[in-house]
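The values are calculated or read from the model by the stated rules, or taken from the named source; none is laboratory data. Owing to the predicted nature of the structure, the values given are computational and were not obtained by experimental measurement. Methodologically, a virtual Cβ is constructed for each residue, glycine included, from the backbone with ideal geometry; neighbour enumeration extends over all protein chains shown.
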Amino acid sequence: MEQLSLSWTSSAEDDPGSGRPAISSDDAVLSFARVFRRMGLRRPLPDFRVEYRPYAGLRSTVHLKGNVVRVRLSDLMADSTPIVIEALAEILLAKLFRREASREARECYLAFVFNESTRRRIEETRRERGRKRQRPAQGACFDLEEIFADLNFRYFDGGLPTPRLGWSSKRSRTILGHYDSAHSTITISRLLDSPKIPRYAVEYLVFHEMLHIRYPVERLGHRRVVHSEEFRQAEQSFPYYEEARRRLKLTSARIE
């Protein structure tokens, strides 16, 4: 039994074309079967079962059991084109059967993902369907709203809009900080709301997430640039940049 998934939450450029008929699950099954035959895999044609799910993002999963391949696609994919569905089918099947998807398939799918119209629909869908769980910004040791206001005044001339700030519901060691543009939130791991953590480390983390507001994700071809050169230069202007990063590395994890 094998299961794989793809997940995308943002994108850019060109309208994928509104007003065309939605691609049904039956149509998608035919697309997966065509791609399977085209890939020349030495095994019987699977029984493909494709369904659309109301995911909060552009998520796709594929699951193999026996000779049944179950595929779950974001319902946002129903408004794409047959060629995009076939490109995604090749990517998913290549991962499932340990092959390499063609460059053409990857570029076709990414062109859809990095489409301005697709990006808008993903952001809207995430706002409607997704939920952002946060604890209040006023923690036991640090007040995130107070820290944000102070940093905004010192480094951004008070010009950044104030997002919803809060501590994570869990004491995460895997993600210490995260900015969510769809929900306009900054979430800091509750693990850091501790007297053992120096204030400059929490300030740096909030500052890093504020830079995501100042320098949004850019597109470079079909690649997303999350931390641009401008972002990195601005980040290194933080007075305790090196000390904060060293201290946070001891805590583990990553910053988004």
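Below, the figures for the structure above:
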quantity: Flag for F156 being under 15 Å from L211 (Cα atoms) and in contact with a Leu (Cβ under 7 Å, 6 or more places away or on another chain); calculated: no
quantity: Options G139, G66; residue that is in contact (Cβ under 8 Å) with a residue 40 or more places away in the chain and over 27 Å from P216 (Cα atoms); calculated: G139
quantity: Failed item in (1) surrounded by 13 or more Cβ atoms within 10 Å (Cβ to Cβ); (2) closer than 25 Å to R246 by Cβ, with R154 passing the rest; calculated: (1)
quantity: Test result for R98, part of a helix (DSSP H, G or I) and either surrounded by 13 or more Cβ atoms within 10 Å (Cβ to Cβ) or not hydroxyl-bearing (S, T, Y) (or both); calculated: no
quantity: Among residues of segment 101-130, those that are part of a helix (DSSP H, G or I) and polar (S, T, N, Q), counted; calculated: 3
quantity: Residue list for segment 146-162, restricted to those being aliphatic (A, V, I, L, M) and under 17 Å from P239 (Cβ atoms); calculated: I147, L151
quantity: Residue ID - farthest from S24 (Cα to Cα), chosen from residues in segment 101-111 that are buried (at least 18 other Cβ atoms within 10 Å of the Cβ) and at pLDDT 90 or above; calculated: A101
quantity: Subset of segment 25-41 [of a type in the set (A, V, I, L, M), under 13 Å from P82 (Cβ atoms) and touching a helix residue (DSSP H, G or I) at 6+ places or on another chain (Cβ under 8 Å)]; calculated: A28, V35
quantity: Residues satisfying the stated conditions in segment 135-158, i.e. of a type in the set (A, V, I, L, M) and at pLDDT 95 or above; calculated: L144, I147, A149, L151
quantity: Every pair of residues 6+ apart whose Cβ atoms lie under 7 Å, when the first sits in segment 224-235 and is part of a strand (DSSP E or B) while the second is modelled with pLDDT under 95 and surrounded by fewer than 16 Cβ atoms within 10 Å (Cβ to Cβ); calculated: V225/E218
quantity: Residues located in segment 138-147, provided they are in contact with a strand residue (DSSP E or B) (Cβ under 6 Å, 6 or more places away or on another chain) and either under 18 Å from S181 (Cα atoms) or surrounded by fewer than 16 Cβ atoms within 10 Å (Cβ to Cβ) (or both); calculated: L144, E145
quantity: Top-ranked residue of segment 17-56 - restricted to ones that are of a type outside the set (A, V, I, L, M) and surrounded by 18 or more Cβ atoms within 10 Å (Cβ to Cβ), ranked as farthest from F114 (Cα to Cα); calculated: P46
quantity: Given (1) at pLDDT 95 or above; (2) within 14 Å of F142 (Cβ to Cβ); (3) touching a strand residue (DSSP E or B) at 6+ places or on another chain (Cβ under 6 Å), number of the condition R190 does not satisfy; calculated: (1)
quantity: Tally, over segment 220-256, of residues that are over 30 Å from F114 (Cα atoms), hydroxyl-bearing (S, T, Y) and either surrounded by 12 or more Cβ atoms within 10 Å (Cβ to Cβ) or at pLDDT below 80 (or both); calculated: 4
